[in-house]
Structure formats: structure tokens, C-alpha cells
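The values are calculated or read from the model by the stated rules, or taken from the named source; none is laboratory data. Not measured: the values here are computed from a predicted model. FYI the Cβ positions are ideal-geometry reconstructions off the backbone, even for glycines, and counts take in every protein chain you see. Surface accessibility is based on the protein's heavy atoms, side chains included, excluding ligands, DNA and RNA. Shrake-Rupley method; radii C 1.70, N 1.55, O 1.52, S 1.80 Å.
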Amino acid sequence: MKKVFFDTNLMLDSALERGENGVASTAILSACEYGEIEGCLSFLSVANMAYTLQKGRTKQGMMDILKGYTLYLTILPMDNSQLQQAYAVDAPDFEDVLQYECAKAAGCELIVTSNIKHFKFCKDIEVVSTIDYAQQFIEDENN
């Protein structure tokens, strides 16, 4: 089974039903739920999601969303080693570098994000757009 790392924006696109990326993200997450891929998410993403999802909903509503995702996604830890390695990476968005280091440490084969331009610095993990990666799962649903 392929081990795939999801950037925070993929999760938020699904949870907030944000247009075409939201549809694509939901298709990918369904594939995880059905055991077709191992979806991984950093601990940092959970914190970022909580911050965003608490706006306009109750604490319980936000927690229910997070708990729902953690039933079928692997939540990856982050540590000082990853932080130290991230300091050495020259990239415009430090949070994305932290995500990359987390994915690399966990042995993920792929990073899926709706902002592939933010991951141009990645050399040893393939980065794919949410829509491109979801296409295979959307086609499977239609067949």
C-alpha cells in the first residue's frame, strides 16, 4: 500500500468543501477510508486544522471533524531532528518545509497538496497536486 503524505490544505479543502480541490480531496480521503492508500498527516496539520476549523463552529463540532479524520489517517509525530533539518532548507514557507521533513522521516512516497509551487524545493519525494492525484480515484468511482 502506498504511503502518502497530505498537506494541511488538502484536509481543509475537504472539511470546508472548497470547490474543485474540495471534491478532489474528499475523493482521496475516501480512498484512505477504504484502505486503498495509507494517508498520513503531521501532528502540525492537526493543530493548524483545529485553528482554522474552530472559526464559525462549536468546539465539539471542530473536534468531531478532527476525530473523524483520525479514524483512518496516520498522524505522524514531529521532533527536534526534523526541525533542525528544516532550518537548513531554503524555501519561502517554513511550515511547508516542516511538512516535508515530517513526510521524509516517515518514509512517505508522495506529498499531495493544492499548492505544489510551495514544494519546489523537494528533491527526494514526489509532489503531486490534489486534483491530479484524485483523478485516479474519481475515475474508479465513475467506472
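A residue that is exposed (fewer than 15 other Cβ atoms within 10 Å of the Cβ) and among the polar types (S, T, N, Q) cannot be found anywhere in the range 88-109.
Glu17 meets the conditions (1) crowded, with 17+ Cβ neighbours inside 10 Å; (2) not β-branched (Val, Ile, Thr); (3) not in a strand (DSSP E or B) in every case but one. The failed one is (1). Does Ser25 count as touching an Asp or Glu at 6+ places or on another chain (Cβ under 6 Å), part of a helix (DSSP H, G or I), surrounded by 22 or more Cβ atoms within 10 Å (Cβ to Cβ) and not hydrophobic (A, V, I, L, M, F, W, C)? Yes. So is Tyr133 part of a loop (DSSP other than H, G, I, E, B) and hydroxyl-bearing (Ser, Thr, Tyr) or not? No; evaluated as a whole, the condition is false for this residue. Against the list (1) among the aliphatic types (A, V, I, L, M); (2) surrounded by 17 or more Cβ atoms within 10 Å (Cβ to Cβ); (3) touching a strand residue (DSSP E or B) at 6+ places or on another chain (Cβ under 8 Å), the condition Ala134 fails is (3). Restricting attention to the range 50-75 and to residues that are within 13 Å of the chain's Cα centre (by Cα) and of a type in the set (S, T, N, Q), the residue that is nearest to Gly107 (Cα to Cα) turns out to be Thr74. Pairs meeting the criteria (first residue in the range 38-59 and without any contact (Cβ under 8 Å) to a residue 60 or more places away in the chain and under 15 Å from Glu95 (Cα atoms), second residue among the acidic types (Asp, Glu) and assigned to a helix (DSSP H, G or I), beta carbons under 9 Å, at least 6 apart or on different chains) are Leu44/Glu95; Asn48/Glu95. Taking the range 28-73 as the range and being in a helix (DSSP H, G or I), open to solvent by 80 Å² or more (accessible area, probe 1.4 Å) and polar (S, T, N, Q) as the test, only Gln60 passes. Pairs meeting the criteria (first residue in the range 76-87 and closer than 15 Å to Ser45 by Cα, second residue of a type in the set (Asp, Glu) and open to solvent by 50 Å² or more (accessible area, probe 1.4 Å), beta carbons under 9 Å, at least 6 apart or on different chains) are lacking. Would you be able to say whether some residue in the range 99-116 is in a helix (DSSP H, G or I), modelled with pLDDT under 95 and within 19 Å of Leu10 (Cβ to Cβ)? The answer is yes, given that some residue of the range 99-116 is in a helix (DSSP H, G or I), modelled with pLDDT under 95 and within 19 Å of Leu10 (Cβ to Cβ).
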